[in-house]
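See below for the structure under consideration.
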Amino acid sequence: MTPEDMDLLAALGRARAGLKVETDKHYVVESRLAPLARREGYPSIEALVAALRAKREERLIWAVVEALTINETAFFRDRDTFAFMRDVAMPELSRRRKDGSVRVWSAACSTGQEIYSLAIAAHEARDIEPGVRFEFFASDLSERCLEKAQSGLYTQFEVQRGLPIRLLIKHFENQDETWAISPRIRQAVRWRRINLVSDLSGMGVFDLVMLRNVLPGLDPSVRARVAEAMAARLTEDGLLVLGEGESLAGVTEALRPLPGRPGLFARDPAFRAAAA
């Protein structure tokens, strides 16, 4: 691809979804667009980009933008984080929401492993108040990812990545060459296609929000806006869960890290006052 092609893709990704597309990493962009070019019937990525310029078709533009997003995920990725959710955060929230509900949102769910891991963690958690309901929500920009996530079907390779054998046997059923998550877990999740740079005020508020390894892939001009949108969607005692190696230093002061808990953040009191 030419520098002009890369500039076009970077501009589209930034304008439509706040993505950071590094124009000097042709191999990364090409690896993401090659499958799309084949599905759309183009002989090459260059032909796909040429059609993008010529047609300016919304469907194709969004297909390209979705292809540029990072969809890496796995069951129970970062084991310590999910152990903390199961053993500490979920029981504590259930005590605070006694006879109410705990709302959980995977804000960039990809193909569903993360939200299903959270639902399994809640099912496995001890000391959950019996009157509390856990409500699980999952969203992503990619319609293809959401379709796979809602199916609840995973390959042997996918279930082997992070899923303990005990939980596989307990919560999945083998179907020929795939594994199907149990209807009890699958039906507990509500799905929605959401662009994180759009207005999120209609989502309501949540006790747990997961947005792991997403902010680094956003353009610096929108990172603070998305992080603060997540803070606004948290209850006063809610938690935002980023990747274990992520920091919000220099991004926003709306969220403060939890001491000794890498990747976990709570709303800053000053931000609560401003948002009230």
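Checking each residue in the stretch 179-199 for being β-branched (Val, Ile, Thr) and not in a strand (DSSP E or B) picks out 185, 194, 197. Counting residues in the stretch 118-128 that are open to solvent by less than 20 Å² (accessible area, probe 1.4 Å), at pLDDT 95 or above, in contact with a Gly (Cβ under 9 Å, 6 or more places away or on another chain) and not aromatic (Phe, Trp, Tyr) gives zero. Annotation: residue 1 fulfils all but one of (1) aliphatic (A, V, I, L, M); (2) within 26 Å of the chain's Cα centre (by Cα); (3) not in a helix (DSSP H, G or I); the unmet one is (2). The condition of being in contact (Cβ under 8 Å) with a residue 24 or more places away in the chain, of a type in the set (Gly, Ala, Ser) and assigned to a strand (DSSP E or B) holds for only one of 231, 266, that being 266.
Note on the stretch 54-156: enclosed helices (runs of 4 or more DSSP H) holding 1 or more residues that are without any contact (Cβ under 8 Å) to a residue 40 or more places away in the chain and aliphatic (A, V, I, L, M) are 58-68, 79-84, 113-124.
The values are calculated or read from the model by the stated rules, or taken from the named source; none is laboratory data. In this text, all values refer to a predicted model and were calculated from it rather than measured experimentally. All Cβ positions, even for glycine, are placed from backbone atoms using ideal geometry, and neighbour counts span all protein chains on display. Areas reflect the complete protein model, heavy atoms only, side chains present, ligands, DNA and RNA absent. Shrake-Rupley method; radii C 1.70, N 1.55, O 1.52, S 1.80 Å.
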